[in-house]
Amino acid sequence: MISRFWIATLVALLLTPSGTGSAAHRLLKPKTILVVVTVRWKPSTTTQQKHRILDGVATMGQEIHGIQRVWIDSPKVQPPGFETAFALEFTDRAALNAFATDPVHKRWDEIFVPQFETVYAQEITN
């Protein structure tokens, strides 16, 4: 016969969250600002130009203060007809606002934005 101790132990184990058993998964809601850009290229834009543009996004991430992370690989892009997306994560609103007038960003815009047929940018934060 199963004792009450073993039944209580089994119930406790079944009710304990998975993982370390100490706490449930904690959802993080960072206060950074994520800017997601989706691009439809002009038909004349070459594959080499596309690579240079995405390399330029990574370079901006290294050179502009306030950019915390960049994402330049886009395995799936929506809507149809758009083939590239990238994202920049900014430390805060002040960093995003400063980005608009940063000389590195302005140079990137002058060189690469003419290759975009259509571009959408979304800001996401908590």
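The values are calculated or read from the model by the stated rules, or taken from the named source; none is laboratory data. Note that the structure is predicted; figures quoted are calculated from it, not measured. All Cβ positions, glycine included, derive from the backbone under ideal geometry; neighbour counts span all protein chains shown.
The set of residues in segment 83-118 that are among the aromatic types (F, W, Y) and modelled with pLDDT under 95 comprises W108, F112. Taking segment 77-100 as the range and being exposed (fewer than 12 other Cβ atoms within 10 Å of the Cβ) and closer than 18 Å to A58 by Cα as the test, only A100 passes. With the structure loaded, tell me whether E123 is among the acidic types (D, E), touching a helix residue (DSSP H, G or I) at 6+ places or on another chain (Cβ under 8 Å) and surrounded by fewer than 13 Cβ atoms within 10 Å (Cβ to Cβ) or whether it fails that test. Spelling it out, E123 is indeed among the acidic types (D, E), touching a helix residue (DSSP H, G or I) at 6+ places or on another chain (Cβ under 8 Å) and surrounded by fewer than 13 Cβ atoms within 10 Å (Cβ to Cβ). So, of the residues in segment 16-48 that are surrounded by 10 or more Cβ atoms within 10 Å (Cβ to Cβ) and at pLDDT below 95, which turns out to be farthest from D73 (Cα to Cα)? Taking the candidates together, the pick is T16. Scan segment 93-111 for residues that are over 25 Å from N126 (Cα atoms) and touching a Gly at 6+ places or on another chain (Cβ under 7 Å) and the total you get is 1.
Taking segment 28-126 as the region of interest, the strands (runs of 3 or more DSSP E) fully inside it that hold 2 or more residues being free of Cβ contacts under 8 Å to residues at least 24 places away in the same chain are 67-71.
If you go through segment 57-69 and pick out every residue that is surrounded by fewer than 17 Cβ atoms within 10 Å (Cβ to Cβ) and under 22 Å from E117 (Cα atoms), you end up with 1.
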